[in-house]
Each structure stands twice: as structure tokens, then as C-alpha cells.
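Below is one structure, written out as C-alpha cells; the observations come after it.
The values are calculated or read from the model by the stated rules, or taken from the named source; none is laboratory data. A quick note: this is a predicted structure, and the numbers were derived from the prediction, not measured. Glycine also receives a Cβ, built like all others from the backbone with ideal geometry; neighbour counts cover every protein chain displayed. To get the accessible areas, we keep the full protein, side chains included, count just its heavy atoms, and leave off ligands, DNA and RNA. Shrake-Rupley method; radii C 1.70, N 1.55, O 1.52, S 1.80 Å.
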Amino acid sequence: MTSAPLSLCFVHGLACGPEDWDGLRAELGDVWSIQAIDLGFFDPDQTAPLPTMDSMIAQVELAVARRSVIIGHSLGCRIAMGVAAHKPDSVAGIVLLDGGRLSDLDPDSFLAPLDHDPEGFIDLFFGQMMGPKMPPATGDVLLKRAKAMPPKRVASAFGSMIRWDRDRSSAALVTCTAMPTLVLQTTTRNPEGRRVVLEAEESSMYADFIAAGIPEAEIAVPGGLGHFPMYEDLAATAAPIRAFLDRLQAS
């Protein structure tokens with residue numbers, strides 16, 4: 001008996017957009033139904049409600065169908081876990097692309113620079129994300145786009161994300177313990193809190209956190225890539241995801 005086809009739901013990161021998935025969607029081909037969620041971070045009129053983890057998880061929940069695979073990047077990893085925890089019967093698996101956990105941060109003090117130097121905050125935070133293979137022109141586009149996100153929306157989404165990491169990520173992980181999961185990890189935070197590039201198969205705090213709660217999770221660390229691996233090495237990013245999807249499709 002042939003399994004029902006998978007439906008892929010891509011969820012981008014903070015101060016990012018659905019266009020980040022264009023290359024990966026093309027690389028994966030047209031075997032599966034694909035949608036890329038737009039979390040609406042760049043509302044030009046600033047009239048939409050400020051984004052929170054609850055509102056973003058609810059938005060993606062409306063999009064998932066039977067045998068959905070949620071592929072999240074960064075912030076999108078938290079959303080993928082939140083949706084999988086709420087709707088396990090609809091989610092066939094999750095892919096966590098360079099997720100993280102900022103449960104040690106105080107959101108108010110961490111985000112305080114946004115009040116007086118939002119561009120400096122984005123420069124520092126996003127500057128750490130660019131790996132050695134990031135094309136400079138692409139990195140400039142990503143940085144410029146991030147600076148276009150209104151500071152109030154950055155603060156709301158970022159603060160809510162930190163609080164979710166601190167207060168709710170462990171519970172979500174417990175709920176997802178049997179969920180087919182692929183962790184594709186490319187960076188981690190060093191003891192000083194700075195994002196650094198992982199070497200091939202190097203361990204990381206986030207991958208260890210996921211593996212402790214989801215023992216059967218698949219962990220892939222290609223090595224030498226920054227926080228946006230889909231822009232730095234599309235083939236190395238797509239290969240483990242395609243293999244994971246093939247296994248799910250066959251199950």
C-alpha cells in the first residue's frame with residue numbers, strides 16, 4: 001500500500017521571509033506539495049498585530065494538513081516543534097534547520113539596544129550568522145532585509161521567542177518525543193554567547209537538547225556553514241533533507 005504523499009510546510013526565521021526557501025524548494029523538486037509560510041515580519045503600515053510565538057504557531061497550524069512535514073529555520077524550528085506538539089496527528093515529521101535555544105537570556109536586557117540603536121543590534125546579531133561560504137552580495141541582501149523589520153516587531157517576536165525557549169521548549173520537546181525528526185545543525189553558541197560555525201559532526205548544545213528528548217532524532221552536521229546553509233551550500237543542505245523525506249514517504 002502506497003503512503004499518502006507528504007505535504008511540506010516551510011517556516012522561515014526571524015526577520016526573514018519565505019524567499020529563503022526558493023533554492024531548497026527547487027532542489028527538492030516537485031515530488032511533494034510545498035508551501036512556504038510568510039510570517040509577515042515586514043508589515044509596511046505596522047498595523048498588523050505584533051508577532052508572538054502563540055500567533056505564529058497558530059498561523060502555521062492552520063496551514064498544516066495530514067502528513068505534513070514542517071521544515072523550520074531558526075525561529076521556525078520553535079514553531080515547528082510547537083505545531084507538532086499541538087497537532088501530532090497531522091504532522092508526519094519535522095526538520096529543524098540550525099535551531100537554537102536562548103533560555104539563558106533575559107529578554108528585556110538583551111533587547112534593550114533596540115530602543116536606541118536598532119541597526120547596530122541587527123548588525124551585531126545578523127553579522128554572526130554569515131558563514132565562510134556566504135556570497136557577500138547575498139549576505140548584504142539578508143542584512144538589509146533584516147534592518148527593514150520594524151524594531152517593535154523585532155522586539156515582540158524576539159522577546160516571545162526567548163520566553164518560549166525558557167518556559168515552554170522543554171514541554172514541547174517531551175510532547176514530540178516520538179516525532180520523526182531531522183536536526184540539520186550548522187552553528188552553535190560559544191561560552192561567550194557568540195554564534196560560531198560547527199565543524200563536520202561536531203556536537204552542539206541544541207542538537208544535544210533535541211536528542212535528549214527525541215532519542216530517535218537524526219542529527220546531521222555538514223560542517224563549515226553558517227546560519228543560512230541554504231544560501232551557502234544548497235546541495236549539502238538539501239541532501240539530508242531529501243533522504244529524510246524519502247524515508248518518511250516510504251513509511
For this session: Let me know the longest stretch in the chain that avoids all trypsin sites (Lys or Arg not before Pro) found in a DSSP loop with at most 16 other C-beta atoms within 10 Å.
Result: 67-132
Problem set entry | Interchain or long-range residues, amide H under 5 Å from Leu225's placed H | Leu198
Exercise. How much area per residue is accessible in the range 130-226 when the probe is 1.4 Å and only protein heavy atoms are counted (Å²)?
Worked result: 47 Å²
Exercise. In whole Hz, what ³J(HN,Hα) sequence does the range 110-117 give by Karplus (6.51, -1.76, 1.60; θ = phi - 60°), x for Gly and Pro?
Worked result: 5, 8, 3, x, 4, 5, 10, 8
Exercise. When the accessible area of the chain is split by element with a 1.4 Å probe, what percent falls to carbon and sulfur?
Worked result: 55 percent
Problem set entry | Calculated [θ] (222 nm, deg cm²/dmol) that DSSP helices of n ≥ 4 give over the chain, each run adding -39,500 (n - 2.57) | -13000 deg cm²/dmol
Exercise. Amide H of Ile219: which non-local residues (sequence gap of 5 or more, or other chain) have their own amide H closer than 5 Å, using H built in the peptide plane?
Worked result: Val183
Exercise. How big is the chain by Rg and Dmax over its Cα atoms, in Å?
Worked result: 17.0, 60
For this session: Take each complete run of DSSP H in the chain, measure how far its Cα atoms stretch along the helix's own axis, and keep only those covering 18 Å or more with mean Kyte-Doolittle hydropathy at least -1.0; list them.
Result: 151-167, 234-250
Seminar exercise, completed: With all protein chains in place and a 1.4 Å probe, Thr177 shows an accessible area in Å² (nearest 10) of 70 Å²
For this session: Quote the charge dipole size of the range 153-229 about the Cα centre in Debye, to the nearest 20; the model charges only the Cβ of Lys and Arg (+1) and of Asp and Glu (-1).
Result: 520 debye
Seminar exercise, completed: Taking every alpha carbon pair in the range 147-251 and sorting the distances into 10 angstrom bins from 0 up to the bin holding the longest one, the percent per bin comes out as 13, 34, 39, 13, 1
Seminar exercise, completed: Expressed to one decimal in nm², the mean projection of the alpha carbon convex hull of the range 1-104 is 7.6 nm²
For this session: Pull up the DSSP beta bridges for the range 95-251 and report the antiparallel fraction as a percent, rounded to 5.
Result: 35 percent
Exercise. How would Glu119, Glu232, Glu202 line up by accessible area, probe 1.4 Å, largest first?
Worked result: Glu119, Glu202, Glu232
